[in-house]
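Contents: one structure, followed by commentary.
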Amino acid sequence: MSIDTAPTANATALDATNAAATRRDILHRLLMTLGPILIALVIAGCILLAVGVDPLAYYGFVLEKGLFSPLGIQQTLTRMAPLLFLAAGLIVAFRAGMWNLGGDGQFLLGAVTAAAGAPVFVQIMPSWLALTCAFLIAMAVAMIWSLVPALLRAYQGVNEIITTLMMTFLGTSLANVLVKLVFRDPSTTVPQTRTLPVEDRLPRLFDTTITSGLLLGLAAIIIVHLVMTRTAFGLKLRIVGANPRAAVHAGLGVSGLTVAVFAISAGLAGLAGAVDIIGVQGNVRADWNPAYGLAVIPAVFLARMNGFAAIGFVFLLSVLSIGGESAARRLGVPNHFTLVLVSIVLIVLALAEYFDHRYNQSRRA
Amino acid sequence: MTGLFSEVFLSALLFGAVTAAIPLLLAGLGEQMSEKAGVLNIGIEGMMLAGAYLGFVGAFYSGSLWLGFLTGAAGGVAVALIMALLCVRIGLNQIVIGIALTLGLEGLTALLHHFQFSRSYPRLPAADATVIPLLSDIPVIGPAFFKHHLIVYLAVALVFAMGYLYRRTQLGLNLQAAGDKPAALDVAGIDVIRTRTIAVLTTGALAGLGGAYLANVGAGLFIPFITNGAGFLGIVLAMLARGRPIWVLFGALLFGVCLSLTTAMQVAGINIPTDIIQMLPFLAVMIMLVLFGRRASLPAALGIPYERGAR
């Protein structure tokens, strides 16, 4: 990436070897990612063969529709926007050692409030202000929703895995109730919210169908990465994550930080919902739950909670899901195969990472 | 409204509650065992789905419900085997693998069902109930609690068997130690890995059985994603029960009543969106957590892979 900037004219020998090391490191990382993906594709291919589908044709479609066709790549990049926000939220929580498994509930509540708010706001204020307001209330609602698990964890020591899981079930149902009863569009027969007109949605990038939400998502995840790695606030959160007791001894306000972490994490999940609605869907139908949150969790882990690596994994996830959807339609394979494919990729990547770690350790010893 | 509280309605409601509670009970008991041994089993939803699918297929082709339960349990064990290998032996992150397994099994069972039955959803004949004499004659409660398939009574008996196992046997103590202080168990000469593997495989068998019950007795058919979060409810039940099987039973019944209420309200034609009623059990849990949360405790080494000699 930035190899050519490192060694300058007066570079010492040390710098040169460093550059070579980074180059080897990047190559190594690339191999360690692509190798397992290939293995996973072979395993998933065997499953396809077993049910009588030509795996090569399937993968051909996935690649063509997810990556190489102009329309496909645009859809893939569009799909990335909410996933990036979710990943950013998870990075904050996981680095601070907190398991926010409630992303889907926060996502849906954010989506529903944005869907309810945006069509109203655009009628009374300029479009950019309306969308900003929709984003803000989606974020605020998701933050408020995360207060219960946050306070329980911060002041009662209640395990957040259980509370966030509960809140995600509650949130999913509540989102449905809101769509069906409160925010329902009276002019349609199917229960859904009012639809945001296409011209009022987030602007498209250049002459493509890619929503500008992608840029917002990229900005969010990069800012989160920099805050977590470069600022005092991020350092505090990482200390809390590494050793909460030591953090108390170091004089950090752990309770306050815990609440802050939940608020940021949930707020980003709420923004993910908003960006999907305002950028792509335009409305929320009843019982809509894409369950992005669950799929992003392992991806963030595999990226070792590194923002830049997470972008890569989110891209991969996006290609697989968009490509898989098209391939499924063409070849008569149910869309569910994408889930199988993603899970095999995740497991093989996790295994590869483990063996790589093991190998490095034994070489050092 | 008076129709709501008729004897028939109440007993149907309670009957439904028991039927809905059994899969949760089995999943919760299984999860409890994993958690005791220090493994947070997020893949339990996947194990239940494997059990539901294979249990249904087994019963469908053999015509025997019992064989279905057996294949269902085997399906759960098969998924648990992957979990045990990856998370206990190799020590990969339990949450990553658990979620990956759940996603994968959701897809795989839906896929297999599609290729086997296409868009049709064949039904199994209704399970025959074992009627307990005398007790089943009690009004309301009798038909609700004492006219179920034999496996329901076995599942309830299991609650007490597990209680005995945890408190009175060496294996029970080993399990507890594997979750609280695995290093101490190791020093005592007992294989932590093996203890945890036993726990995870048992979890798989119970979750698979729960899934098979859900498909074969509860619904009488298999539809993709049939578990609908039952596995996650099992995790919650296990965490709330704080290591005591009897509390898993009470929790499962509470959830069962709420789930049954959903169906009953629909049948009675009451016009509340089902989503509101579906929120009841989760709301109940959250209220309990707010009230008693401070006292909830989990094994010290939960979620941490054990590696010999590592600090």
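The values are calculated or read from the model by the stated rules, or taken from the named source; none is laboratory data. Worth saying up front: this structure is predicted, and the values here are computed from it rather than measured. Virtual Cβ from ideal backbone geometry, glycine too; neighbours counted across all protein chains shown. Side chains are part of the model used for accessible areas, which takes the heavy atoms of the whole protein and leaves out ligands, DNA and RNA. Shrake-Rupley method; radii C 1.70, N 1.55, O 1.52, S 1.80 Å.
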Take the alpha-carbon centre of region A:81-132, take the same for region B:67-98, and report the distance between them in whole Å. 34
Can you give me the Cα centroid spacing of region A:23-40 and region A:310-365 in angstrom? 13
Enclosed volume per residue, in Å³, of the convex hull spanned by Cα atoms of region B:112-201: 181
GNM on chain A, Cα springs under 10 Å; top mean-square fluctuation among A:Phe301, A:Phe68, A:Phe315 goes to A:Phe68
For chain B, how big is Rg over Rh, using alpha carbon atoms and the Kirkwood form of Rh? 0.99
Want the number for A:Arg204 to A:Ile223: 0.36 nm per residue separation, take away the alpha-carbon distance, what's left? 4.6 nm
Over 16 Å apart: what share of the alpha carbon pairs of region B:48-120 falls there, rounded to a whole percent? 53
Translational D (Stokes-Einstein, µm²/s) of region B:94-252 at 20 °C and 1.002 mPa s when Rh comes from the Kirkwood sum over C-alpha pairs? 116
Rank A:Ile124, A:Leu226, A:Cys46 by how far each Cα sits towards the positive end of the charge dipole of chain A (+1 on Lys, Arg Cβ; -1 on Asp, Glu Cβ) and give me just the farthest. A:Leu226
Under 1.5 on a/c is rounded, so check that first for region A:129-182, then, if it is not, pick prolate when a/b is larger than b/c and oblate when it is not; a ≥ b ≥ c are the square roots of the alpha carbon gyration tensor eigenvalues. oblate
Relative to 2.2 N^0.38 Å, what does the C-alpha radius of gyration of region B:163-202 come to as a ratio? Two decimals please. 1.05
Work from the charge dipole of chain A (Cβ charges, +1 for Lys and Arg, -1 for Asp and Glu, about the Cα centre) and give the residue of A:Ala111, A:Trp288, A:Ala154 farthest towards its positive end. A:Ala154
Using only Cα atoms, tell me the angle between helix B:150-168 and the longest principal axis of chain B; keep it within 0 to 90° and round to the nearest 10. 30
Whole-Å distance, taken between Cα centres, linking region A:158-201 and region B:8-23: 29
About the Cα centre, and with charges only on the beta carbon of Lys, Arg (+1) and Asp, Glu (-1), how big is the dipole of the protein assembly as shown? Nearest 20 debye, please. 1280
Of the accessible area of region A:277-365, computed with a 1.4 Å probe and all protein chains kept, carbon and sulfur make up a percent value of 56
Residue-ordered couplings for region A:180-186, obtained by feeding phi - 60° into the Karplus form 6.51 cos²θ - 1.76 cosθ + 1.60 and rounding to whole Hz (Gly and Pro as x), are 6, 9, 8, 9, 5, 7, x
Quick one: which residues, 5+ away or cross-chain, put their amide H under 5 Å from the amide H of A:Thr195? H built at 1.01 Å from N. none
Based on alpha-carbon atoms only, what is the radius of gyration of region A:104-215 relative to the globular estimate 2.2 N^0.38 Å? 1.24
Consider just the alpha-carbon atoms of the protein assembly as shown and return their Rg together with their Dmax, both in angstrom. 25.6, 96
Of the accessible area of chain B, with the probe set at 1.4 angstrom, what percent is carbon plus sulfur? 67
Using only the alpha-carbon atoms, how far is helix B:65-83 inclined from the longest principal axis of chain B? Give it as 0 to 90 degrees, nearest 10. 30
Evaluate the Kirkwood expression for the hydrodynamic radius of region B:1-110, namely the inverse of the mean inverse distance over all pairs of different C-alpha atoms, and round to one decimal in Å. 15.5
Please list A:Phe121, B:Phe160, B:Phe115 from largest to smallest accessible area, probe radius 1.4 Å, with all protein chains kept in place. B:Phe160, B:Phe115, A:Phe121
Could you work out the Rg to Rh ratio of region B:190-292, with Rh taken as the Kirkwood radius (inverse of the mean 1/r over all Cα pairs)? 1.04
For region B:25-82: Kirkwood Rh in Å [reciprocal of mean 1/r, alpha carbons]: 11.6
Write down the accessible area per residue of the protein assembly as shown in Å², having rolled a 1.4 Å probe over the full set of protein chains. 44
Top mean-square fluctuation among B:Leu65, B:Leu13, B:Leu150, Gaussian network model of chain B, C-alpha springs under 10 Å? B:Leu150
Name the shape class, rounded, prolate or oblate, that the alpha-carbon gyration tensor gives for chain A, where a ≥ b ≥ c are the square roots of its eigenvalues, rounded holds for a/c under 1.5, and otherwise prolate holds if a/b is larger than b/c and oblate otherwise. oblate
Note, ³J(HN,Hα) from phi for region B:90-100, Karplus 6.51, -1.76, 1.60, rounded to Hz, x at Gly and Pro: 8, x, 6, 4, 5, 6, 4, 5, x, 5, 4
Computed on protein heavy atoms with a 1.4 Å probe, what is the summed buried accessible area for the chain pair A and B, in Å² to the nearest 100? 4100
Set of lysines near A:Lys236 by C-alpha distance (under 30 Å), chain-local residues within fewer than 8 positions excluded: B:Lys181
Just check region A:64-128 against the gyration tensor rule for me: Cα atoms, a ≥ b ≥ c as the square roots of the eigenvalues, rounded for a/c under 1.5, and otherwise prolate or oblate depending on whether a/b exceeds b/c. oblate
Using each residue's phi in region A:168-175, evaluate 6.51 cos²θ - 1.76 cosθ + 1.60 at θ = phi - 60° and report the 3J(HN,Hα) Karplus result to the nearest Hz, with x for Gly and Pro. 6, 5, 4, x, 4, 5, 4, 4
Report, to the nearest 10°, how far helix B:192-213 tilts away from the longest principal axis of the Cα atoms in chain B, using its own Cα long axis and a range of 0 to 90°. 10
Non-local amide H neighbours of B:Thr130 (under 5 Å, H modeled in plane, Pro and chain starts lacking H): which ones? B:His148, B:His149, B:Leu150
With contacts defined as alpha carbon pairs under 8 Å and 6 or more residues apart, what's the relative contact order of region A:127-236 in percent? 12
Shape descriptors of region A:220-310 over alpha-carbon atoms, Rg and Dmax in angstrom, are 15.9, 49
Determine, from the Cβ-Cβ distance of B:Ile141 and B:Val267 and an R0 of 22 Å, the FRET efficiency 1/(1 + (r/R0)^6), rounded to the nearest 0.05. 0.60
